[in-house]
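The numbers here are math on the coordinates, done by the rules we state, and not lab data. Values in this document were obtained by computation on a predicted structure and should not be read as measured data. Cβ sites come from the backbone with ideal geometry, for glycine too, and all protein chains shown count toward neighbours.
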Amino acid sequence: MSKQELFLKLKSYSLENKVKGILAIFYAVGGIVAFTSFNQLLLPLSPILLISSLLVILYFEENKNYLFYSWFVFTYLVSFFVEWHGTTYGVLFGEYYYLNNLGPKVFDVPLVIPVNWIILAIAGSNLGALLKKNKFPLLVAVIISSITVVMLDVLIEIVCEPLGFWYWTDQMPPFKNYFTWWFFMSIFIFLKVKYISNRNNLSIFIFLLILGYFTLQVFAHNL
């Protein structure tokens, strides 16, 4: 294939597919670098990748109205408060504190952490909407979606400390960590599925990229 043919073929791709390709490259590079000594050099850039992913999701969100932005602000503030309460009192999740690779903190909580909650909640909401469209009852769709999202947290917990994200005082997270995650994520997903139409083709794709990235990190740290 000549350069001109390659250029014309790339030009024919939709913006969505081009963005998917670019994101896939970034996440793949991060996952592959996990097997090298350069991993620690890239990890401090994690907040940039998360924020970029959120901006992409927002750009392709088809229903950006008052309800959506209200949900967005609500999810950010509640998830920040929950994380602050968690790190301050250790009641909701267990005893843990954040390390330095997630960027600037306010009250010991990285500002990018609620961004992560929002990304996962939007992906979960779109999964929930798909299930509901396929005749699943709303509550069942929400439960399945929120459990799916929490399974990602189970994966991340395996490598959270070596990645410089957070540290558990007792080395391992207690069960209530996952229950609290599931409980609040269920609320965010329920509100969005019930009251806001969900049509975001990029959100589930980005969720799968994040899942793949952390799967590679887990393999890299356990070889």
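If you scan segment 103-121, which residues turn out to be in a loop (DSSP other than H, G, I, E, B) and either within 8 Å of the chain's Cα centre (by Cα) or acidic (Asp, Glu) (or both)? Show your work before the answer.
Residues of segment 103-121 that are in a loop (DSSP other than H, G, I, E, B), as a first pass: 103-104, 107-108, 111-112.
Answer for segment 103-121, where residues must be in a loop (DSSP other than H, G, I, E, B) and either within 8 Å of the chain's Cα centre (by Cα) or acidic (Asp, Glu) (or both): just ASP108.
Could you list, in sequence order, all residues of segment 133-155 that are surrounded by 19 or more Cβ atoms within 10 Å (Cβ to Cβ) and not polar (S, T, N, Q)? Matches in segment 133-155: ALA141, VAL142, VAL149, VAL150, LEU152.
Just one of the numbered conditions (1) under 18 Å from the mean Cα position of the chain (by Cα); (2) part of a loop (DSSP other than H, G, I, E, B) is not true of THR36: (1). Taking only segment 158-183 into account, find how many residues are part of a helix (DSSP H, G or I) and crowded, with 19+ Cβ neighbours inside 10 Å. Total meeting the criteria: 3. Can you tell me which residue in segment 91-110 is nearest to MET172 (Cα to Cα), limited to those that are without any contact (Cβ under 8 Å) to a residue 60 or more places away in the chain and not acidic (Asp, Glu)? This residue is VAL91. Taking each residue of segment 192-206 that is touching a residue at least 12 places away in the same chain (Cβ under 8 Å) and farther than 12 Å from LEU58 by Cα and looking for partners that are of a type in the set (D, E, K, R) and surrounded by fewer than 17 Cβ atoms within 10 Å (Cβ to Cβ) with beta-carbon atoms closer than 8 Å, six or more apart or interchain, yields SER197/GLU62. The set of residues from segment 151-191 being among the charged types (D, E, K, R), within 21 Å of LEU211 (Cβ to Cβ) and touching a residue at least 60 places away in the same chain (Cβ under 8 Å) comprises just one member, GLU161.
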